[in-house]
Every structure is written in C-alpha cells, then in structure tokens.
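**Q** Quick one: the structure is below, and I'll ask about it shortly.
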Amino acid sequence: MDVILIPLLSVLNAVIGIYVWIVIASVIMSWLINFNVINTKNNLVMMLWDFLYRITEPVFGKIRRFLPIVGGLDLSPLVLILVLWFVQAVIGQLTLKIALHSV
C-alpha cells in the first residue's frame, strides 16, 4: 500500500504546487491587463488570459462568496494560496508519517 500511496501523495503535492504558480500568474496577468501593460487584443495574450481565468475563476468565485472584496482589493488569491500551502504541509506530514511507519 505504501508503494502506491507515497508516490501518489508526491504527485498530488506537485500538482498543488503547479496550481499555486498558476494562481500567481493569473494575479500578475490581471494586474498587467488592468494597468494596460499588455494588450488583450493580442491573440496569444487573450488565449493565455482565457486559460488562466477558466482554471482559477471557479475557485476564486467560491472564496469570494465568503470573503468579499475589501476596499477594491480581492483577497481570494491570497486565501487560496494559503489554503493550498496548508494542504501541501498536511500532505508532507502524511507522507512522512507513512514513510516512518512502514520502516
């Protein structure tokens, strides 16, 4: 069982880490678009923004239901990143516990 569970938890941890970077890229790109640094009329920019929006907005929307925008500042990405870091820490501790228990 440990032979499958530890690599599975490691892959899950890596996927969460990738999603954290996607959230950070989404936030940075939204800033760049809002400050007119990049142009959304460019097809590549629009495709990238559409991808980032589609993959992050459902989660942001669920967080925004509980945490409203404060003073024009959307805190949902910050909350999501903190939750993802917490889940990564739990996965790390669980992996360590399984690894030490199997020895």
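The values are calculated or read from the model by the stated rules, or taken from the named source; none is laboratory data. Predicted model, so just to flag it, every value in this text is computed and none were measured. Positions of Cβ are backbone-derived with ideal geometry, glycine not excepted, and every protein chain shown enters the neighbour counts.
**Q** So which residues in the range 65-77 are more than 27 Å from N39 (Cβ to Cβ) and assigned to a helix (DSSP H, G or I)?
**A** Keep residues of the range 65-77 that are more than 27 Å from N39 (Cβ to Cβ), which gives 65-68, 70-71, 75.
Across the range 65-77, the qualifying residues are R65, F66.
**Q** Still on this structure, I have one more. Using beta carbons and a limit of 8 Å, which pairs, at least six apart or on different chains, have the first residue in the range 75-103 and surrounded by 14 or more Cβ atoms within 10 Å (Cβ to Cβ) and the second one assigned to a helix (DSSP H, G or I) and among the acidic types (D, E)?
**A** Every condition considered, the pairs that remain are I98/D2.
**Q** Considering only residues of the range 4-20 that are among the β-branched types (V, I, T) and touching a residue at least 24 places away in the same chain (Cβ under 8 Å), which is nearest to F60 (Cα to Cα)?
**A** Top of the filtered list is V20.
**Q** Just to verify a result, which residue in the range 39-63, among those that are farther than 18 Å from I22 by Cα and either of a type outside the set (S, T, Y) or exposed (fewer than 10 other Cβ atoms within 10 Å of the Cβ) (or both), is modelled with the lowest pLDDT?
**A** Applying the filter and picking the extreme gives N39.
**Q** Also, I was wondering about something else. Quick check on this structure: which one of V37, V87 is within 25 Å of D2 (Cβ to Cβ) and either touching a helix residue (DSSP H, G or I) at 6+ places or on another chain (Cβ under 7 Å) or not polar (S, T, N, Q) (or both)? Steps first, please.
**A** Values: V37 fails: within 25 Å of D2 (Cβ to Cβ).
Only one candidate qualifies: V87.
**Q** Here is a further query. Among the residues of the range 28-64, what is the count of those that are assigned to a loop (DSSP other than H, G, I, E, B) and out of contact with any Leu (no Cβ under 6 Å at 6 or more places or on another chain)? Give the steps one after another, and end with the answer.
**A** To start, the set of residues in the range 28-64 that are assigned to a loop (DSSP other than H, G, I, E, B) comprises 35-42.
In the following step, the residues that additionally are out of contact with any Leu (no Cβ under 6 Å at 6 or more places or on another chain) were identified as 35-37, 39-42.
Residues in the range 28-64 being assigned to a loop (DSSP other than H, G, I, E, B) and out of contact with any Leu (no Cβ under 6 Å at 6 or more places or on another chain): 7 in total.
**Q** Okay, next question. In the range 79-97, is there at least one residue being more than 14 Å from I16 (Cα to Cα), part of a loop (DSSP other than H, G, I, E, B) and either modelled with pLDDT of 95 or more or among the acidic types (D, E) (or both)? Outline the logic, then answer.
**A** We begin by selecting, within the range 79-97, every residue more than 14 Å from I16 (Cα to Cα); these are 79, 93-97.
Subsequent filtering for residues that are part of a loop (DSSP other than H, G, I, E, B) retains none.
Looking through the range 79-97, none of the residues is more than 14 Å from I16 (Cα to Cα), part of a loop (DSSP other than H, G, I, E, B) and either modelled with pLDDT of 95 or more or among the acidic types (D, E) (or both).
**Q** I4 - would you say it is loosely packed, with under 11 Cβ neighbours inside 10 Å and closer than 30 Å to A99 by Cβ? Write out each step before concluding.
**A** Numbers: loosely packed, with under 11 Cβ neighbours inside 10 Å: yes; closer than 30 Å to A99 by Cβ: yes.
Yes: the conditions hold for I4.
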